[in-house]
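Following: one structure in C-alpha cells, then a few remarks.
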Amino acid sequence: EKAEEEARYCHHCESNVNNNAVHCNICHKCIEGYDHHCKWLNNCIGKKNYQLFFDTLVSLNLFLVSQSAVLIGIIVAFFVGWDDGQTSSTEQRAKDWFGANQPHVVIGFNIGFLTIDLIAALLI
C-alpha cells in the first residue's frame, strides 16, 4: 500500500514515477529529485547525478582560479621581471619574451584570457 502512495502516473512519459520526480520538458523524461536542467551539460540535474554535477563545478572553479593565478603571475613578471625585482622596460621585455614590438598587445591577450575565464565562471 505504501508503494502505491509513493508512485504516480506521468502523462508525458506515460509511466509510473516516484512522487518526488518531476518531468523535464527539455529532456522529455521524469527525473527523481529534480533540481534543474543544465544547459551547459545538456542534462537534467537530479538525485542520481547531483554529486557529479557539484564535483564538476568545483573542479572547473579550481581550474579557473589556477589559470587566473598563472596569468596574473605572467603579467606581474612581465612588468617586474623574474629575478632582479627591478622594473625593466616593457618594450625590451616584450621583445625578449615574445619577439613583439608592442607590449600592450601581449598584455591585452593576457587580460583578455583572464576576462573570458572570469565571465565563464560567472555564467556557470
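The values are calculated or read from the model by the stated rules, or taken from the named source; none is laboratory data. What you see is a predicted model, and the numbers here were worked out from it, not measured in a lab. Using ideal geometry, Cβ is built from the backbone for each residue, glycine included, and neighbour counts are taken over all protein chains shown. Keep in mind that these areas ignore ligands, DNA and RNA; they rest on the heavy atoms of the full protein, side chains included. Shrake-Rupley method; radii C 1.70, N 1.55, O 1.52, S 1.80 Å.
The figures follow:
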| read-out | value |
| --- | --- |
| Check on C30, within 29 Å of the chain's Cα centre (by Cα) and over 29 Å from I116 (Cβ atoms) | yes |
| Near pairs, Cβ below 9 angstrom, 6+ apart or cross-chain, from the range 46-67 (assigned to a helix (DSSP H, G or I)) to any residue that is open to solvent by 100 Å² or more (accessible area, probe 1.4 Å) and of a type outside the set (A, V, I, L, M) | Q67/F113 |
| Looking only at the range 51-89, and only at residues there that are of a type in the set (D, E) and modelled with pLDDT under 75, the one that is nearest to I119 (Cα to Cα) | D83 |
